[in-house]
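Step one of this worksheet: look at the structure below.
The values are calculated or read from the model by the stated rules, or taken from the named source; none is laboratory data. Remember, it's a predicted structure, so these values are computed and weren't measured experimentally. Note: ideal-geometry Cβ built from the backbone for every residue, glycine included; neighbour counts use all protein chains shown. Accessible surface is based on the protein model in full, side chains and every heavy atom, while ligands, DNA and RNA are left aside. Shrake-Rupley method; radii C 1.70, N 1.55, O 1.52, S 1.80 Å.
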Amino acid sequence: MDHYLPFVLLPFFLSMAPNGWCQKEDICSKSIVNSCNDCVISGPHCAWCQQLNFTKAGEQESARCDTRAKLIGRGCKEEEIINPMSSLQIDRDESLSTSFNMEEPIQLRPQKISLRLRPGLPTTFSVSFKRVQGYPVDLYYLMDLSFSMRDDLEKVKELGQDLFAALKNITAHAQIGFGAFVDKTVLPYTNTNKNKLQKPCDENYQCQATFGYRHVLSMTPRIEEFKEKVREQLISGNLDSPEGSLDAMMQSAVCGDQIGWRNSSTRLLVLATDDGFHMAGDGKLAGILEPNDEQCHMKNTLYTKSNEMDYPSVGQLAMQLEKKRIQPIFAVTEDVKNMYKQLSSMIPKSEVGVLSQDSNNVVQLIENAYKRLSSKVTLTHDTLPENIRVVYTPRCDDARQEGDNKGVCDNVHVTQEISFDVTVTADSCIENQTFSIRPLGIKDTLIVTLSTSCECQCKDPRESSHQLCNGNGSISCGICSCREHFVGQFCECSIGNKDENSLRGSCLSPSGTECESHGDCVCGRCQCHTTASGSSYYGDFCECDNEHCEKFQNKLCGDCPELPSVMAIIGGSIASVALIGILLLMLIKLLIYMKDLKEFRKFENEKKKSKWAEADNPLFQNATTTVTNPTFTGE
């Protein structure tokens with residue numbers, strides 16, 4: 001059943017709206033636009049006019065890109081406007097089932113659609129859901145068999161009949177399975193003494209050897225088989241308080257063939273325990289460093305990698321439970337309720353109920369949890385393609401807002417039909433991507449195939465040598481696409497054997513900008529654009545205009561000044577620096593000279609004022625020594 005629903009009526013109705021309505025004007029925020037395709041991807045409200053001669057000579061072709069209303073206002077015929085819109089095609093749309101009759105029920109509608117999106121333009125479609133009456137239920141009872149749960153085990157052995165009766169009230173197609181767990185059989189979790197490992201309980205109790213996880217009974221509709229298998233179970237024991245709950249839950253989820261989960265059923269995993277749980281990283285205490293690989297490792301009903309792999313993380317477990325559509329119910333004692341409440345907040349579609357001391361309320365607990373789970377419908381998606389956004393808007397009596405990536409309806413009754421508006425937006429161009437939308441815990445899936453409208457479908461003339469392009473090119477979406485060796489707005493410039501880049505080089509202004517961004521380089525010369533007021537830029541590089549000069553009495557104070565000489569500026573700067581340096585040196589020299597002159601004059605003045613004494617210096621000794629010979633008489 002195929003439908004084609006183009007989203008083209010919305011702009012029409014908006015344009016027909018009365019003036020009193022409050023409308024937001026569309027804006028085309030174009031950046032670099034050289035073609036129709038550039039225009040389409042530049043903004044969701046950008047349209048392209050393919051009308052010939054729409055632009056004037058010298059006017060940029062980007063003027064063809066604007067909002068639809070502005071293009072029409074500038075004279076573009078409506079049939080000449082290229083404005084791709086989003087479209088939706090429903091590929092499969094089977095009616096919703098009313099009850100389960102051993103055939104595959106349809107609870108989600110439609111089942112397959114194809115979207116062709118305009119980037120940036122949101123597209124909305126509706127999804128309907130109705131839970132069928134009597135939909136099958138698979139319940140796997142996973143029980144903690146550590147020693148502190150001995151009273152609970154005895155009570156569960158008595159409650160098999162009541163548990164089956166409760167399931168039969170929900171659906172005639174119910175199955176139940178059973179599994180048990182304790183913890184890893186290595187220190188420090190379990191006493192590894194040979195005798196203690198085989199019999200971890202006191203002598204007064206009959207118990208079995210410690211184990212990690214054991215699958216006891218695959219899904220069965222036979223109550224007697226369930227009661228018999230549960231009666232055979234014995235209590236066990238370990239050392240520390242936290243148990244291997246997450247190990248057991250992971251194997252219960254990924255070992256679907258051994259557990260017996262049906263393809264079309266509501267899958268419930270009841271975890272009954274009175275203690276906390278080990279998680280990823282705790283294995284290091286026992287020297288277990290290998291991360292959990294989220295694979296099934298079950299042989300002869302036992303988890304064989306219990307002592308070799310670490311516990312799974314909460315994230316790993318949550319992902320596998322969601323992937324396998326399993327909804328956990330944590331039946332725990334009051335003292336660990338808050339811990340499992342926190343765990344439940346990280347696992348979608350899970351519930352927490354408080355067990356009594358001997359678990360005699362477990363049947364009522366499961367009934368209440370199932371009602372809460374089944375009455376809450378959460379629509380979400382798997383991994384989205386890159387640059388795709390999805391927002392859900394519930395259409396029901398008790399809609400809940402739990403984030404943009406999901407839609408929630410609460411207090412939904414069986415056979416009650418509800419719907420969700422799903423809005424999909426592509427932020428960029430993509431090629432044939434898919435993702436799925438489905439209610440959590442339900443098999444039904446909507447497959448969404450995505451593509452984008454990023455290319456213009458123009459009705460171009462067939463002539464390969466159109467006269468508008470001077471016979472040197474063809475028309476592509478209203479503009480000339482020139483043959484080799486021809487350039488220009490109308491292919492009017494023949495470049496021969498020259499390189500187009502060399503021609504463009506002659507249009508570069510001293511600032512390095514082609515035509516100062518105010519014109520087009522045509523045949524090696526700048527062809528200037530018009531200004532916003534209608535006048536023109538001018539100059540060799542379109543560097544001048546008459547709009548930005550100051551005015552006096554509404555008259556321009558000047559045309560365009562000559563461009564300064566770059567060499568003169570550089571030479572003048574160097575000369576100025578040198579001159580300033582010489583002047584500074586001369587000034588310093590002058591200051592030093594003035595200081596020395598002042599000191600010399602001071603010395604001369606002091607010299608003139610001094611008076612020297614004329615007496616002999618008593619300390620002075622003559623350099624000549626006279627010696628008298630005592631024996632010489634002079635005769």
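For the reader, a short list of remarks on this structure follows.
- Matching residues, the range 132-158, being open to solvent by 20 Å² or more (accessible area, probe 1.4 Å) and either among the hydrophobic types (A, V, I, L, M, F, W, C) or in contact (Cβ under 8 Å) with a residue 40 or more places away in the chain (or both): Q133, F147, S148, R150, D151, E154, K155, K157
- From the list S99, S29, the one residue that fits, being open to solvent by 50 Å² or more (accessible area, probe 1.4 Å), of a type in the set (S, T, Y) and touching a helix residue (DSSP H, G or I) at 6+ places or on another chain (Cβ under 8 Å), is S29.
- Restricting the first member to the range 251-265 and to residues that are over 12 Å from Y303 (Cβ atoms), and the second to residues that are assigned to a helix (DSSP H, G or I), the beta-carbon pairs closer than 8 Å and six or more apart or on different chains are A253/L317; A253/Q320; A253/L321; I259/S252.
- One residue stands out in the range 159-205 among those that are open to solvent by 10 Å² or more (accessible area, probe 1.4 Å) and basic (K, R): the one that is farthest from G287 (Cα to Cα), namely K168.
- Within the range 162-209, tally of residues that are more than 30 Å from M279 (Cβ to Cβ) and either of a type in the set (G, A, S) or in contact with a Gly (Cβ under 6 Å, 6 or more places away or on another chain) (or both): 5
- Residues of the range 297-310 that turn out to be in contact (Cβ under 8 Å) with a residue 24 or more places away in the chain and in a strand (DSSP E or B), as a count: 3
- Members of the range 335-371 that are touching a helix residue (DSSP H, G or I) at 6+ places or on another chain (Cβ under 6 Å), β-branched (V, I, T) and buried (at least 16 other Cβ atoms within 10 Å of the Cβ): I347, V352, V363
- The range 39-73 - residue that is outside any loop (DSSP other than H, G, I, E, B) and of a type in the set (S, T, N, Q) and, of those, nearest to S453 (Cα to Cα): S42
- Scanning the range 112-131 for residues that are aliphatic (A, V, I, L, M) and either under 15 Å from A272 (Cβ atoms) or open to solvent by 10 Å² or more (accessible area, probe 1.4 Å) (or both) turns up just one, L121.
- V332 meets all of the listed conditions (1) open to solvent by less than 60 Å² (accessible area, probe 1.4 Å); (2) in contact with a Phe, Trp or Tyr (Cβ under 9 Å, 6 or more places away or on another chain); (3) more than 27 Å from A174 (Cβ to Cβ); (4) not polar (S, T, N, Q) but one, namely (3).
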